[in-house]
Amino acid sequence: MTEKNIIEMTGVQKRFGSFQAVSDLTLSLREGEFFSLLGPSGCGKTTALRMIAGFQEPTEGKVVIDGQDMDGIAANKRPTNMVFQSYAIFPHLDVGDNVAYGLRNRGIARAEINRQVSEALEMVELGGLERRGANELSGGQRQRVALARALVMRPKVLLLDEPLSALDKKLREQMQFEMRHLQQSLGITFVMVTHDQYEAMTMSDRIGVMFEGRLVQVDAPATLYASPSNREVASFIGEMNFMPGAVKEETDTSLTVESPGFGTMTIPRNPNVETPGKSVLLGIRPEQLEIAKEQPPEYDATVEGVVRDVAFYGENVHYHVRVDGVDSRIAISVPNYFHTVDHGPGDKVWLGVQGESVIDLGQQSDKPI
Amino acid sequence: MNLRSETAKGTALSAPATLYVGLLVAAPLIILIAYSLWTQTYVDLDRTPTLANYREALTDPLVRHLMIRSILISAAVTVVTVALAYPIAYFIALKAKKKTLWLLLITIPFWSSYLLRVFAWKLILGFNGVMNSALLALGLIDEPLTFLLYNEFAVVLTLAHAWAPFAILPIFVSIQKIDPSLLEAATDLGSNKLESFLRVTLPLTTQGIIAACLIIFIPTVGDYVTPSLVGGSDGKMIANLIQVQFGAANNWPLGATLSLLAMLSVGFVAIVFVIGASTLGRRIR
Ligand SMILES: Nc1ncnc2c1ncn2[C@@H]1O[C@H](COP(=O)(O)OP(=O)(O)OP(=O)(O)O)[C@@H](O)[C@H]1O
Ligand SMILES: [Mg+2]
């Protein structure tokens, strides 16, 4: 990754009639990074991607790719290539001709085309499948052909619209690693659209979270997880327990808060949110909570509760615990160390949390928790 | 449902069609073959099998001439119709908002009889017809054009108009079936509009084009109404000769022979065309 910005979008808007699909999108993508646009269905991710590709004109705003303003530049003249959600493999062409399609537009000599095609197919581990028909491919193979067909063009930016959503879970996880490796070895900027937070987190250098046409936060996956900029992001990415807190003391780096149930604790301030006033919204990730039969001594804050539900996930166990004074149930996730489920519904338990791992989500909104 | 009752159901469902085809295609064909092997002796039929009719038909230069002309005229009709139908089908499938309305409009010519439409062309193209009157009135010509009617041109024009909807529909269906993201992928890979059309749309619609060509070529070779009404002597086709054999000449065996030969020629041309066109379609990369 370099410091150069390969894509700069400034104040980009897209309206369909009176419907605002994308509003005021300002975003800089660095050369060589793997960037994901993450958001729920219908939030405008695909529209944003298609404006980069040139399939849709922004209603307002500017898209600059590699220093060149894309206004008035048609999709077939842009230095981008796309992997379509449906893969869009040409059904009348075999694998080799699909991959060669774009190269033939460039008038390259036949031998050179063949060389580049077989190299691209090697790269996606489809070496030697040139003469396989488009309709004789599995879902995973189609995905690889689509990838090879776009990458053989050596685009400055590769755009991917939910590239893995049509694959089953195992294959998807495998492809996540393969695509990440490919991206890193080629050094091409990847911009991927996805609604799968795990996919975005495992593959990306940075993630942009979109809600209802608006880009809400752009950060590295770990930052996004640890310091979400608001409640929406916090609940969209991973799971989160929310509870209100009253601010007792504040410094530049910490807040001392009192929350119902857990009592008083000192938590780090979140640089991504507005300064809290008197009240603050607190977030605790389920895996940051300890659950025990006795009051755990080494925690900053503890509270007693009753187990309501237990869900066994294999690698970890989820408990839902009811605590007096907290409106919603508290979710706890515990790694399954010894293949035992220690607590059952109705059991009295203690919960413990360290102040350090509690997330400050800023001024509490009026919305009920 | 088990396999046996599935088969039984299939047989039952296709029974009416089988019966229909059997009675209306197979039976007449057998009768036709039988006739072609007999001989007409004035008012009687000599039923001793002979290939004399075939010999006569194949050696007669008039038959060969009419057969070749029929195939050429039909080929011209096919080319003109499909070439004109393609852009229309393309527009309806990809650009038009009210597809159903457009398709309905296309079928309007069918609401009047075929004969009436042929006569309409006669009125338009005739010596004192609409076209000549308009051109005279505009002062573009000094005397009526005579090359408009009673020749191959008039036959091609009339047939092309009559058969246009049959070409538009199969092509429309084949264009409609193309996944729009394929065209976007072509654009994404650097093709301009023309290149995308030639390298993606066209090869993906070859089946529709072939279907349209066959639907038009095969029946028009055998058309005798249009050539006899607007074709004059230059526009006569093989079917006119066949008609004469079954009518004025009263030589049914020769008529049957000519019909069978026409069928074989058309079948041969059609098969060669299908193989050629499919191969060509597959060669586009
Ligand atoms: N061509 C269009 N005309 C009108 N509205 C459109 C058009 N394309 C998209 N929209 C609307 O814009 C909004 C955003 O669409 P978009 O396809 O960008 O969503 P998305 O975030 O990609 O969703 P998904 O995850 O379901 O693919 C949707 O409400 C959609 O209905
Ligand atoms: Mg989408």
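List the pair-distance distribution P(r) of segment A:86-199, using every Cα-Cα distance, as the percent of pairs falling in each 10 Å bin from 0 up to the bin containing the longest distance, rounded to whole percents.
14, 47, 33, 5, 0
With label points built 7 Å along Cα→Cβ from the Cα atoms of A:Phe16 and A:Lys77, find their separation and express it in nm.
Distance between label points: 2.7 nm.
Over the Cα atoms of segment A:122-166, how large are the radius of gyration and the largest Cα-Cα distance (Dmax), in Å?
Spelled out, the Cα radius of gyration and Dmax of segment A:122-166 are 11.0, 31 Å.
I want to check the label-to-label distance for A:Arg214 and A:Ser328. Put each point 7 Å from Cα in the C-beta direction and report it in nm to one decimal.
2.0 nm
Quick one: compute a quarter of the convex hull surface over the Cα atoms of segment B:154-285 and quote it in nm².
9.6 nm²
How big is chain B on each of its three principal axes, counting only the C-alpha atoms and giving the largest first in Å?
77, 72, 36
Restricting things to alpha carbons, find the Rg to Rh ratio for segment A:239-362 using the Kirkwood radius for Rh.
Ratio of gyration radius to Kirkwood radius: 0.99.
Tell me which residues come under 5 Å, amide H to amide H, from A:Ile6 once H is placed; ignore anything under 5 positions away on its chain.
Those qualifying (amide H under 5 Å, at least 5 residues apart or on another chain) are A:Leu29, A:Arg30, A:Glu31.
Sorting A:His195, A:His339, A:His92 by accessible area (1.4 Å probe), largest first, what list results?
A:His339, A:His195, A:His92
Mind checking the per residue accessible area of the protein assembly as shown for me, 1.4 Å probe, whole number of Å²?
Per residue, the protein assembly as shown has 50 Å² of solvent-accessible surface.
Which number gives the lysine pairs in chain A that have C-alpha atoms under 13 Å apart and are eight or more places apart or on different chains?
Taking the Cα cut-off of 13 Å, the pair count is 6.
Could you sort A:42-48, A:14-20, B:265-271 so that the peptide with the highest average Cβ count within 10 Å comes first and the rest follow in order?
Ranked by mean Cβ neighbours within 10 Å, highest first: A:42-48, B:265-271, A:14-20.
How many Å² of accessible surface get buried when B and A come together, counting both sides, probe radius 1.4 Å, rounded to the nearest 100?
Summing both sides, the interface buries roughly 1900 Å².
In segment A:5-231, what percent of the accessible surface is made up of carbon and sulfur (1.4 Å probe, ligands and nucleic acids excluded)?
47 percent
How well do other chains shield peptide A:48-57, expressed as the mean number of their Cβ atoms within 10 Å of each residue Cβ?
1
Amide H of A:Arg214: which non-local residues (sequence gap of 5 or more, or other chain) have their own amide H closer than 5 Å, using H built in the peptide plane?
Counting only residues 5 or more places away or on other chains, the set is A:Ser23.
To the nearest 0.05, how large is the calculated FRET efficiency for B:Asn128 and B:Phe91 if R₀ is 35 Å and r is the Cβ-Cβ distance?
Efficiency computed from Cβ-Cβ geometry: 0.45.
Compute for segment B:92-144: radius of gyration divided by Kirkwood radius, i.e. Rg/Rh, restricted to C-alpha atoms, rounded to two decimals.
Ratio of gyration radius to Kirkwood radius: 1.22.
Mind checking the dipole of segment B:56-284: about its Cα centre, +1 per Lys or Arg Cβ, -1 per Asp or Glu Cβ, Debye to the nearest 20?
620 debye
Given just the C-alpha atoms of segment A:168-220, how large is their convex hull per residue in cubic angstrom?
Once divided by residue count, the hull of segment A:168-220 is 81 Å³.
For segment A:5-231, evaluate the Debye formula with one uniform point scatterer on each Cα (no solvent term) and list log10 I(q)/I(0) at q = 0.08, 0.09, 0.13 Å⁻¹, rounded to two decimals.
Computed log10 I(q)/I(0) values: -0.29, -0.36, -0.76.
How large is ³J(HN,Hα) for each residue in segment B:245-262, as worked out from phi by the Karplus curve 6.51 cos²θ - 1.76 cosθ + 1.60 (θ = phi - 60°), to whole Hz, x for Gly and Pro?
Values per residue, Gly and Pro as x: 4, 7, x, 3, 6, 6, 10, 4, x, 5, x, 4, 4, 4, 4, 5, 5, 4 Hz.
Using only Cα atoms, figure out Rg for segment B:59-159 and give it as a multiple of 2.2 N^0.38 Å.
1.39
When Cβ neighbours within 10 Å are restricted to other protein chains, what is their mean count per residue of peptide A:82-93?
6
Roughly how many whole Å is it from the C-alpha centroid of segment A:273-300 to that of segment A:80-130?
Spelled out, the Cα-based centre of one part sits 53 Å from the other.
Amide H of A:Phe34: which non-local residues (sequence gap of 5 or more, or other chain) have their own amide H closer than 5 Å, using H built in the peptide plane?
Those lying under 5 Å, H to H, from A:Phe34 are A:Phe190, A:Asp205, A:Arg206.
Using a Cα-Cα cut-off of under 18 Å, which aspartates and glutamates could be cross-linked to B:Lys97, ignoring same-chain neighbours fewer than 8 residues away?
Correct list for B:Lys97: B:Asp179.
Which value results for Rg/Rh of segment B:1-82 when Rg is the Cα radius of gyration and Rh the Kirkwood radius based on the inverse mean 1/r?
That ratio is 1.23, to two decimals.
Kindly provide the pair-distance distribution of the protein assembly as shown built from C-alpha pairs, with 10 Å bins from 0 and whole-percent values in order of increasing distance.
3, 11, 15, 15, 14, 13, 10, 7, 5, 4, 2, 0, 0
Would you check the accessible area of B:Glu184, probe 1.4 Å, heavy atoms only, in square angstrom rounded to 10?
Here the accessible area works out near 40 Å².
Measure out, as a whole number of angstrom, how far apart the alpha-carbon centroids of segment A:2-46 and segment B:62-90 sit.
When both Cα centres are located, 54 Å separates them.
Peptide A:146-156: average number of partner chain Cβ atoms within 10 Å per residue?
1
For a distance above 14 Å, tell me the whole-number percent of Cα pairs in segment B:115-194 that qualify.
In whole percent, the share of Cα-Cα pairs in segment B:115-194 beyond 14 Å is 73.
Quick check: residue separation of A:Ser41 and A:Val341 times 0.36 nm, minus the Cα distance between them. What number comes out in nm?
Result: 104.4 nm gained on full extension.
The values are calculated or read from the model by the stated rules, or taken from the named source; none is laboratory data. Quick caveat: nothing in here was measured; it's all calculated off a predicted structure. Counting neighbours? That spans all protein chains shown, and the Cβs are built from the backbone with ideal geometry, glycine included. Ligands, DNA and RNA are stripped out before the accessible areas are found, and what is left, the full protein with its side chains, is counted by its heavy atoms. Shrake-Rupley method; radii C 1.70, N 1.55, O 1.52, S 1.80 Å.
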